[in-house]
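Undergrad: Questions regarding the structure given below will be posed in turn.
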Amino acid sequence: MASLALSVRIDPNSGFCFGVIYAIQMAEDLLDEQGYLYCLGDIVHNDEEVQRLEARGLRIICHERLAELRDEAVLIRAHGEPPATYQMALANNLTLIDASCPVVLKLQNRIKASFDRKDKIYIYGKHGHAEVVGLLGQTGGEAVVFENLDELLRHELPENITLYSQTTKSTDSFYNIKNELQTRGHQVNANDTICRQVSNRDKDLRRFATQYDQILFVSGTKSSNGRVLYQVCKATNPQTHFVSNVDEIQREWFAPGQSVGICGATSTPMWLMEQVRDRLLSF
């Protein structure tokens, strides 16, 4: 079969955000030391990376399993956890290795302070997302979580609204929500707690996606950040393909001599994007 002679480049701005790098580095150091480590929930929303770490001794557990554990060390991933998790750890003599992202911890503290002031708190985020569960826990479950403006407007809204956001949401959407509430006569105390390392990727990816004939967006299917960024790429360059691993790449997508850009989510490991590059170069 004749070579397709593709020219391939990986986006230098793609791959793990610093919060994920920190959590994985911590996990790897502990696995080297003790050979196994419990982690509460997937350490990152990428199955390939989770499998790599599980092969080294990482044991992913759920909250039900956590309740049964005694006298062990457990890693808290970058998404953070609600206060109830820390209370359970104390009761069960568990050592928590806290790899919560500093941006998430700062947000948790701000929401807790707001709640203590009796603010009416609304959180723009995804229901059930690990980070959002941790944020909601700061308010004893009293804050209102909403995924979009339509859902927010279905609530009976007070005159004064304190607005927060999951750290990985779009800044444009957050400010559109704030402006719409103000237009409707609400006093809005908007706390922009969105991580710029994540939100700035929109603009970076748009620039990147315009430069190539084809784009391969590499991400785990569980990553909400991945779904958002894939749509950004697809809107910019319709010749964008979503893949979770190298086996999903199809040779017939490409014509000889095409340029291909590879990019990914904040939960996509660089080694996986490099595998994708190597597969393309083998065509």
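Undergrad: Report the antiparallel proportion of the DSSP beta bridges in the range 73-168 as a percent, rounded to a multiple of 5.
TA: Roughly 0 percent of the beta bridges in the range 73-168 run antiparallel, per DSSP.
Undergrad: Further question: I'd like the per residue volume of the convex hull spanned by the Cα atoms of the chain, given in cubic angstrom.
TA: Values: hull volume 37.6 nm³, N = 283.
Measuring per residue, one finds 133 Å³ for the Cα hull of the chain.
Undergrad: Another question about this same structure. Among DSSP bridges having both ends in the chain, what percentage is antiparallel? Round to the nearest 5. Numbers along the way, then the final one.
TA: Details: 0 of 35 bridges.
Just about 0 percent of them are antiparallel.
Undergrad: With an 8 Å cut-off on Cα pairs and a minimum separation of 6 or more residues, tell me the relative contact order of the range 1-128 in percent. Walk me through the numbers before you get to the answer.
TA: On the way: 133 pairs, mean separation 28.7, N = 128.
Computed over the range 1-128, the figure is 22 percent.
Undergrad: Can you give me the C-alpha center-to-center distance between the range 1-80 and the range 232-275, rounded to a whole angstrom?
TA: Computed from Cα coordinates, the inter-centre distance equals 22 Å.
Undergrad: How big is the dipole moment of the range 143-187 about its Cα centre under a simple scheme where the beta carbon of each Lys and Arg is +1, that of each Asp and Glu is -1, and everything else is neutral? Debye, nearest 20, please.
TA: Roughly 120 debye for the range 143-187.
Undergrad: Radius of gyration and Dmax for the range 1-49's Cα atoms, expressed in Å?
TA: 16.7, 49
Undergrad: Report, by chain and number, residues whose modeled amide H sits under 5 Å from the one on residue 98, excluding near sequence neighbours (fewer than 5 apart, same chain).
TA: 76
Undergrad: Report the chymotrypsin sites (Phe, Trp or Tyr not before Pro) located in the range 1-107 that are in a DSSP loop and have at most 14 other Cβ atoms inside 10 Å of their Cβ, or state none.
TA: The qualifying sites are 36.
Undergrad: First measure r as the distance between the Cβ atoms of residue 192 and residue 25, then evaluate 1/(1 + (r/R0)^6) with R0 = 41 Å and state the FRET efficiency to the nearest 0.05.
TA: Working: r = 28 Å, r/R0 = 0.69.
Here the calculated transfer efficiency is 0.90.
Undergrad: Mind giving me the nanometre distance, one decimal, between the label points for residue 175 and residue 86, set 7 Å out from Cα along Cα→Cβ?
TA: Using points 7 Å along Cα→Cβ, the separation is 3.3 nm.
Undergrad: What ³J(HN,Hα) values, in whole Hz, does the Karplus curve 6.51 cos²θ - 1.76 cosθ + 1.60 give for the range 261-276 when θ = phi - 60°, with x put for Gly and Pro?
TA: Going residue by residue, I get x, 10, 9, x, 7, 5, 10, 9, x, 4, 4, 6, 5, 5, 4, 4 Hz, with x marking Gly and Pro.
Undergrad: Let me ask you something else. Using each residue's phi in the range 224-230, evaluate 6.51 cos²θ - 1.76 cosθ + 1.60 at θ = phi - 60° and report the 3J(HN,Hα) Karplus result to the nearest Hz, with x for Gly and Pro.
TA: Rounded to whole hertz, the list is 5, 4, x, 5, 5, 5, 4.
Undergrad: List the residues, sorted by chain then number, that are 5 or more residues from residue 189 or on another chain and whose placed amide H is less than 5 Å from its amide H.
TA: Amide H neighbours of residue 189: 161, 162, 163.
Undergrad: Grab the beta carbon distance between residue 3 and residue 147, set R0 = 35 Å, and tell me the FRET efficiency rounded to 0.05. Please report the intermediate quantities before stating the final value.
TA: Details: r = 46 Å, r/R0 = 1.31.
Efficiency at R0 = 35 Å is approximately 0.15.
Undergrad: If you don't mind, another one. Mind jotting down a quarter of the surface of the convex hull over the alpha carbons of the range 233-283, in square nanometres, one decimal?
TA: Over all viewing directions, the range 233-283 projects a mean Cα-hull area of 3.8 nm².
Undergrad: Here is a further query. Hey, got the dipole for the chain? About the Cα centre, +1 on K and R Cβ, -1 on D and E Cβ, debye to the nearest 20? Please report the intermediate quantities before stating the final value.
TA: Working: 29 positive and 36 negative charges, 160 e Å.
Roughly 760 debye for the chain.
Undergrad: I would also like to ask the following. Rounded to two decimals, what is Rg over Rh for the range 1-158 when you use alpha-carbon atoms and the Kirkwood radius?
TA: Numbers: Rg = 19.1 Å, Rh = 17.8 Å.
With Rg and the Kirkwood Rh in hand, the quotient comes to 1.08.
Undergrad: Pop out the ³J(HN,Hα) list for the range 248-258 in order, Karplus 6.51 cos²θ - 1.76 cosθ + 1.60 with θ = phi - 60°, rounded to Hz; leave Gly and Pro as x.
TA: Going residue by residue, I get 8, 6, 10, 4, 5, 5, 10, 9, x, x, 5 Hz, with x marking Gly and Pro.
Undergrad: When the chain is fully extended, how far beyond the present Cα-Cα distance does residue 248 get from residue 270, taking 0.36 nm per residue of separation?
TA: Numbers: separation 22, 0.36 × 22 = 7.92 nm, distance 1.74 nm.
So the extension gain works out to 6.2 nm.
Undergrad: On to the next question. Once the piece of chain linking residue 32 and residue 255 is laid out straight, how much longer is it, given 0.36 nm per residue of separation minus the C-alpha distance between them? It would help to have the intermediate numbers written out before the result.
TA: Values: separation 223, 0.36 × 223 = 80.28 nm, distance 4.45 nm.
Stretched fully, the residue 32-residue 255 segment lengthens by 75.8 nm.
Undergrad: Report the gain in length on full extension from residue 110 to residue 234: 0.36 nm times residue separation, minus Cα-Cα distance, nm rounded to one decimal.
TA: Values: separation 124, 0.36 × 124 = 44.64 nm, distance 3.52 nm.
Value of the extension gain: 41.1 nm.
Undergrad: Nearest 5 is fine: what % of DSSP beta bridges in the range 1-115 come out antiparallel, could you say? Provide the component values of the computation, followed by the final result.
TA: On the way: 0 of 11 bridges.
Counting only bridges with both partners in the range 1-115, antiparallel ones make up about 0 percent.
Undergrad: Okay, moving on. Once both labels are modelled 7 Å past Cα along the beta-carbon direction, what's the residue 221-residue 282 spacing in nm?
TA: In this crude label model, residue 221 to residue 282 measures out at 2.3 nm.
No lab work stands behind these numbers, since they all come straight from the coordinates. Note that the structure is a prediction, hence the values are computed from the model and not measured. Heads up, the Cβs are rebuilt from the backbone with ideal geometry, glycines too, and the neighbour counts pull from every protein chain shown.
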